[in-house]
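The values are calculated or read from the model by the stated rules, or taken from the named source; none is laboratory data. What you see is a predicted model; the values in this text were computed from it and never measured. Reconstructed Cβ throughout: ideal geometry from the backbone, glycine too, with neighbour counts over all protein chains shown. Only protein heavy atoms, including side chains, enter the accessible area calculation; ligands, DNA and RNA are left aside. Shrake-Rupley method; radii C 1.70, N 1.55, O 1.52, S 1.80 Å.
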Amino acid sequence: MHGRPRKSPKPEDAAASAAKAQNLRSLQSQLLANHHNHIYTTESLEVSAKLLEINPESYTAWNYRKLAVEHYLSQSESDPDSVKSIVNEELRVVETALRQNFKSYGAWHHRKWVLSKGYSSTDQELHLIDRFQKADPRNFHAWNYRRYVTALMNRSEEGELKYTEQMIGNNFSNYSAWHNRSVLLSNLLKRKVQGYFPKEETLEQEYEHVHQAIFTDPDDQSGWFYHLWLLDQTVKTEAPVLVSSWPSHGSNVILQGNRYLDVRDLSPFSSIISDTVTLPVVLYFNQAIDGVNSSTVSVESELSINKDLFWKPLSPNNSKPSQIWVTYLDLANAKLHSLEAYYVEIKLGHSHGLMSTSGSHYTHPSQFTFKVCINAAEAEPVKGGKMISWRDENYQGCETLRQESDPVDQVTNEDDHMPTASNWRAKTIANEITLFRELLSFNDYKIGKLMLARLLTAHDSVLSPFANKMVHADEVLELYSDLMKSDLWHSQYYKDEHSLILVQKVTSSMESLLRHCYRDATESACGSVCLRLNNLSLSRMGSFEKLLWVQVLDLSHNELRSTEGLEAMQLLSCLNLSNNKLGSFTSLGPLRLLKSLKVLNISYNEIGLHSIDTTRYLCSSPLSHTEEIDSDHDDILSTSVDTTNYWEAFLIFKGLGLTQLDIMGNAVADEKFKSFLFKVLPTMKWLDGAELP
């Protein structure tokens, strides 16, 4: 372990180890018997104390002692001396265990529990912590316990901040001290304590502080981690903000029903919706928030729709709070006329209730308006539909088409009320970029390159927080490419970051986005524009706030292992994920929330290649899932479909109305699985390129 070679035990060592094991087994047997029979005598407690001295990680022994303490305290509440004796004995046992292993989770938790009873003084606790921190100044258990004790003592956080500065001065490689400093400063900044507000002055001082550590020893990571925390404090905005929506402000939504619409004269980004019954409305915030409901978000419209709408968080497990929320406008009884346009206005933030996970309120009242109209084209209804083909020759580029509509403006909804970039933030990050360029000129530090890439990305986001103009994109991509080659152990992380920056670059402007936009020349996708991000070696997708308008998406021939984030794209009807690295059906979990999805290509992935997807649960069973199983499918579970081996697939496909599915090239795609698909997807018309009878 840790590079130390394993040595063969000497005969005398083996004999001592065997005797120790025999003694440990004997003590454990006695403890379990006493525990089972609720025996709390002095002798039985001595057994548990001996066991914990040998093995401080015996959680059963600590729990037994808790029950014993509760038992004795209930009999001695009227005798202060007896209570003090009981508590002091527990503190002694914990201290003895910590001398054996001062990183024992069980021992530190038990000591917290003893103090929480309120019978002991905290005066001696800091002395104990000091002793252990002298033995190991970076012992995070001792630091955690110190925070707990100082809170009980009501010690000022300012005083503790000075203590961390002292410990860092003794050894700036003390990661735990840096971490404790970030915890203390977070609280002081949040409460706007005098001397720490405005936060800009405090952060500037902290930057100067951490520079001393980084430039003294650039190979030590402690200061770098603290610098990353400072960068996060510099960039992030406390109040939640609406960064995009669908429909976007000023957009036109065309409902076409089952008629074919001639799209040759339309902008490639016109929203053409075939569903004339429900219309999704998506809100995309810069951070997770809660409180989105009909009282905090109002809908005004000329349409005859129910204004008491139900807003749903868009996350695979429907958890609240969420960064993305959706509701559906019911147009079934709206009585739309083809010659009229109907305005819809969405307002939010005009009443209290929207709040982030950090407790910040939504303080930027905002609104957006869009227009709904129905296709008036006199054409024959489309009969039967056609199979979607993803071959290159079927697509026509959009660069020569009308470009009157800027998709970036559409999706960002950057209105006048949106907060502008802070001059202080931009200046501070620019100064850091200059410093780290200078550092890298002396030596090619890997962590320095990583921090420079993060700083350049942060600088771009601060200069244009909602437009995502990527001034430094090419340099950042080059930095991550270099890191992938020089640091193979972390290459997957660099690959993911490289992919996110690449997608940001593609979506940062209309010009770059149009290079990836195509129309289906065969008209099989009803003329919708297809965003083709294929063959880009993407291992991770992002910038979904810019892609809410997309209905047809080609992500084939990449290196994706997850579909996380795709749930935001509520208009998505056709999706190509072929030739990626998806390893299980659970990696397709977000697709369950795409109710408009009709065409899905997941061919030539790694689905079924691994026996069990242990990233999510340990056994293939319905009881291990957090998703709800609709009561409408109870009959399927009991009769029609054998889901014994296909629970993951069932939970993905059961709520989708797919008409076309490609699954070939996966280990799971045998005849038995195809029979399962026929039953669970009754709407399916094409499977693996063949029309079903």
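Pairs are defined by a Cβ separation below 7 Å, a sequence spacing of at least 6 or placement on different chains, a first member in region 676-693 that is more than 16 Å from ASP662 (Cβ to Cβ), and a second member that is open to solvent by 50 Å² or more (accessible area, probe 1.4 Å) and in a helix (DSSP H, G or I); the pairs so defined are LYS679/SER640. Considering (1) exposed (fewer than 13 other Cβ atoms within 10 Å of the Cβ); (2) within 28 Å of the chain's Cα centre (by Cα), the lone condition that SER366 does not fulfil carries the number (1).
Considering each residue of region 234-247 in turn, none proves to be in a helix (DSSP H, G or I), among the β-branched types (Val, Ile, Thr) and under 19 Å from LEU439 (Cα atoms).
Inclusion of SER603 among residues that are at pLDDT 95 or above and either of a type in the set (Asp, Glu) or farther than 30 Å from VAL281 by Cβ (or both) is warranted. Out of all the residues in region 204-227, is one or more surrounded by fewer than 17 Cβ atoms within 10 Å (Cβ to Cβ), within 30 Å of PRO365 (Cα to Cα) and modelled with pLDDT of 90 or more? No, region 204-227 contains no residue that is surrounded by fewer than 17 Cβ atoms within 10 Å (Cβ to Cβ), within 30 Å of PRO365 (Cα to Cα) and modelled with pLDDT of 90 or more. Evaluation of LEU637 against the conditions (1) of a type in the set (A, V, I, L, M); (2) at pLDDT 90 or above; (3) outside any loop (DSSP other than H, G, I, E, B) shows that the sole unmet condition is (2). Please tell me if LEU279 is out of contact with any Lys or Arg (no Cβ under 6 Å at 6 or more places or on another chain) and at pLDDT 90 or above. Criteria not met by LEU279.
For region 103-144, the tally of residues that are open to solvent by less than 60 Å² (accessible area, probe 1.4 Å) and in contact (Cβ under 8 Å) with a residue 40 or more places away in the chain stands at 8.
Here is a yes/no grid of residues against (1) at pLDDT below 90; (2) farther than 19 Å from LEU115 by Cα; (3) touching a strand residue (DSSP E or B) at 6+ places or on another chain (Cβ under 8 Å):
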site	(1), (2), (3)
ARG4	yes, yes, no
GLU12	yes, yes, no
GLU46	no, yes, no
SER85	no, no, no
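Residue selection: ILE629 fails the criterion of being under 25 Å from SER578 (Cβ atoms), at pLDDT below 90, surrounded by fewer than 20 Cβ atoms within 10 Å (Cβ to Cβ) and of a type in the set (Val, Ile, Thr). Contact map, region 35-54: residues that are outside any helix (DSSP H, G or I) paired with residues that are open to solvent by less than 90 Å² (accessible area, probe 1.4 Å), Cβ distance under 6 Å, separation 6+ or inter-chain. Pairs shown: TYR40/ALA68; TYR40/HIS71.
Can TYR196 be described as among the hydroxyl-bearing types (Ser, Thr, Tyr) and open to solvent by 70 Å² or more (accessible area, probe 1.4 Å)? Criteria not met by TYR196.
Only residues that are within 21 Å of TYR64 (Cα to Cα) and acidic (Asp, Glu) were counted across region 8-39, and they come to 0. Exactly one residue among ALA107, ALA97 is out of contact with any Phe, Trp or Tyr (no Cβ under 6 Å at 6 or more places or on another chain), closer than 28 Å to ASN187 by Cβ and in a helix (DSSP H, G or I), and that residue is ALA107.
Only residues that are surrounded by 14 or more Cβ atoms within 10 Å (Cβ to Cβ) and at pLDDT 90 or above: list them for region 300-313, please. Residues satisfying the conditions are TRP311, LYS312, PRO313.
Checking each residue in region 492-507 for being surrounded by 20 or more Cβ atoms within 10 Å (Cβ to Cβ) and within 16 Å of the chain's Cα centre (by Cα) picks out only GLU497. Residues in region 26-37 that are surrounded by 11 or more Cβ atoms within 10 Å (Cβ to Cβ) and out of contact with any helix residue (DSSP H, G or I) (no Cβ under 6 Å at 6 or more places or on another chain): SER26, GLN28, SER29, LEU32, ALA33.
If the condition is being under 15 Å from GLN133 (Cα atoms) and among the β-branched types (Val, Ile, Thr), then region 166-220 contributes only ILE168. Beta carbons closer than 8 Å, at least 6 apart along the sequence or on distinct chains, pair a first residue in region 441-454 that is assigned to a loop (DSSP other than H, G, I, E, B) with a second that is surrounded by 14 or more Cβ atoms within 10 Å (Cβ to Cβ) for ASN443/PRO218; TYR445/PRO218; TYR445/LEU439.
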